[in-house]
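These notes concern the structure reproduced below.
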Amino acid sequence: MSLDIMKQLQKVIPKERVSTNETIRKQHSRDESFHPPNLPDVVVCPKTTNEISDLMKIAYHSEIPVVPFGVGSGLEGQAIPLKGGISINFGQMNQILEINPDDLLVKVQPGVTRKELNKELGKHGLFFSVDPGADASIGGMVSTNASGTTAVKYGNMKENILDLEVVLSDGRVIRTGSKAKKSSSGYNLTELFVGSEGTLGVFSEITLKVYGIPESIVAGIALFPSVYDAAKATVAALSIGSSIARSDLIDALSIKQINQANGTNYKEGVTLFLEIHSHKSTMRHEVDMIKEIFEQNGCSHFEVGEDTKARAELWEMRHNLYYLYLHHNPGKTMMNTDVCVPISKTPQALEFARKVLEKSNLMGAVIGHIGDGNFHAGLIINPNDPSDMEMANNVNEQIVQHALKLGGSCTGEHGVGLGKMKYQKLQHGEALNIMKDIKIVLDPKNILNLGKIFEADRVI
Ligand SMILES: Cc1cc2nc3c(=O)[nH]c(=O)nc-3n(C[C@H](O)[C@H](O)[C@H](O)COP(=O)(O)OP(=O)(O)OC[C@H]3O[C@@H](n4cnc5c(N)ncnc54)[C@H](O)[C@@H]3O)c2cc1C
C-alpha cells in the first residue's frame, strides 16, 4: 500500500484505527475454514457510515481491493483478502441503535455479535432467532445469509431482515428496505444484498425482525436406528405442523466426541437434538404428538425436559462439536459440505452422504439441521496432504452433485466463498451471467471482495 494511500486513509479515519501491524493483518488474513490465508495490506476500523463511505471513495478512485471482515467465523474463506488491499473490521461499529418491541424490530451496526444482541433483547422479553452457533457478527451473518439450528421454525437471515444501509463501492450510501413488515415497492434490493459475501456493498446498518421469547421451551434427545429414520421422522413431524424449533442430527461418531469431552454417557447412536417452542397450555400435547410420530419412525428413546440449564448445555455441546473434532485430531482441519435439499429428500440425501463418506478413507461426521434439509459432512483432513484433499474434494463433489440432482443447493448456509465457486455454473446456469451483470453494475471496478463467488478475473 503506497504512502500516499495510507495518508489519504488516515485523513478520513484517525491514525489509531488504521493499522499495518503484522499481527493485526494476520488476524484478518483467514477465517475458520481450511482455505489458505492471505494478508491484507492494511486493516481499518471505521466507527460511522461516513467513514466507510469516505474510505470506499479512496479505494474506488485508486482501485484498491476491499474486504469487509466480521469476526472471521466463516467456513468458506469469504473474509480472506485474496488480493491484499484493505480489510474493514467492524469491531468498533458495535452499537445497538434501536430496540423497538412494539414493531418487533431492532436496528444495529454490523459489528454487533449475535450473543451481544440477544443479551440486550432478553431484557425486553425478545430474541433474535438466527443461530449459527458461532458468535458471528450480524454484518457477517447478513453477508453469508447465515442460518443454523433454529431456521426450521424462524427461517434464515434473508427471512429476518427488514432494511439494510449499504455503502456502495463508489462510496454512495443507499437504504434497501423500510421498517414496515411488508413492502411491494420496487425491486427487492434487500434480498439481493443478503448473501452477497461482501462482493456488492458494505453494510453499515441493519434492521432485523425479532420475536417474543416463547412461553414454553422444551429440549432433549431422540435416538434412531439410522440417519434415514431420523430424517424421515423429522419430516413427518414437520408436515403435520408441529412446533419443532430445532432438529439437529448428530451421528454416532459425533456423540462419541461429545461423551469424551463432556463426561456425558449418551448412547453412541444416531441422535436428534431437539427443541420445541410452544405455549404452556399446548406443550404437553405437542410433545406427545412428536414422540408418537418419532416412535412410528423407529425412535427407540425420546427424552425432553424444561430445564433451562440442561437445554443451554445441550446446545453448547452441539455448537462446540466442530472444535471437538479439531481438538481430537491435532494438526488436522475440517472441510464441511453444506448442501440443502427439499425437505422430503433429506432422508435419501443423508443416506447417500453417509455411504459416500464410508467408502472414502476419511474420518468424517454427518451432522446438520435436518428439519430444513440442510446438513454437513464434516471431513477431517490434513490440508497439506494432497491425497486427503483429493479424497475430501471427491466426497464433497459427489454430495453436491447428488443434492443438485434432487433439486437442492450446493450451500444452504455457509455461502459460496472459495469452496463452492466451482458449482455456481452448474447450479445457476444462465442466471450466473445475470449475477455477474449485477456485480458489474454495483462494483464496476471489481474492488469488492474479488475472487469470491466468481473467479477474480472472470467478472469483467
Ligand atoms: C463452529 C462453527 C459453526 C458454524 N455453524 C454455522 C451454522 O450452523 N450456520 C451458518 O449459517 N453458519 C455457521 N458457521 C459459519 C459462520 O458463523 C457464518 O458464516 C457467519 O455468518 C460469518 O460471520 P462473521 O462475522 O464471522 O463473518 P466473516 O467470516 O468475518 O465474514 C463473512 C463474510 O461476510 C462479509 N462481511 C462481514 N461484515 C460485513 C459487512 N458489514 N458488510 C458486508 N459484508 C460483510 C465478509 O466480507 C465475508 O464475505 C459456523 C462457523 C463455525 C466456526
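Laboratory data are not the source of any read-out in this text; all were calculated from the coordinates shown. All of these numbers come straight from a predicted model, not from anything done at the bench. Here the Cβ positions follow ideal geometry from the backbone for every residue, glycine too, while neighbour counts run over all protein chains shown.
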Sites matching chymotrypsin sites (Phe, Trp or Tyr not before Pro) across segment 216-292 that sit in DSSP coil, with at most 14 neighbouring C-beta atoms within 10 Å: none
Simple label model, 7 Å out from Cα along Cβ direction - K115 to S344, nm: 4.1 nm
Between segment 1-33 and segment 228-252, the alpha-carbon center distance in angstrom: 46 Å
Extended-chain gain in nm, criterion 0.36 nm per residue less alpha-carbon gap, N50 and I438: 137.2 nm
Projected label distance in nm at N361 and E306, using a 7 Å step from Cα toward the beta-carbon: 5.5 nm
Residue range of the chain that is longest and free of trypsin sites (Lys or Arg not before Pro) which are both DSSP loop and sparsely packed (at most 12 other C-beta within 10 Å): 183-457
Sorted by Cβ neighbour density within 10 Å, fewest at the top, the residues F128, F69: F128, F69
Loop-located GluC sites (Glu not before Pro) in segment 196-262, at most 16 other Cβ atoms within 10 Å (DSSP): E215
Extension gain from E292 to K11, taking 0.36 nm per residue of separation minus the Cα-Cα distance: 94.6 nm
Cross-link table K115/K420; K158/K181; K83/K445; K179/K209, entries beyond 21 Å C-alpha to C-alpha: K115/K420
Nonlocal amide H pairs with D163, under 5 Å, H built at 1.01 Å: T207
The chain - Kirkwood radius from inverse mean 1/r over Cα pairs (Å): 22.9 Å
Relative contact order (%) - criterion: Cα under 8 Å, at least six apart; region: segment 329-417: 41 percent
Extent along principal axes [Cα atoms of segment 3-91; Å; largest to smallest]: 36, 22, 22
Footprinting exposure proxy for H369, H285, H124 (fewest neighbouring C-beta atoms within 10 Å first): H285, H124, H369
Unit charges at the beta carbon, dipole of the chain: most positive-side option, V167, Q109, W315: V167
S184-L326 pseudo-label distance in nm [points 7 Å out on the Cα-to-Cβ vector]: 4.8 nm
Segment 291-344-segment 383-440 distance, computed between alpha-carbon centres (Å): 25 Å
Per-pair calculated FRET efficiency, R0 = 35 Å: S239 and A261 via Cβ, rounded to 0.05: 0.50
Fewest-first ranking of C299, C410, using other Cβ atoms within 10 Å as the exposure measure: C299, C410
Equivalent ellipsoid semi-axes, segment 96-212, via Cα gyration tensor eigenvalues times 5, rooted, Å: 21, 16, 14
Between segment 82-133 and segment 39-79, the alpha-carbon center distance in angstrom: 19 Å
Distance histogram for segment 329-417 (every C-alpha pair counted, 10 angstrom bins, percent rounded to whole numbers): 19, 52, 25, 3
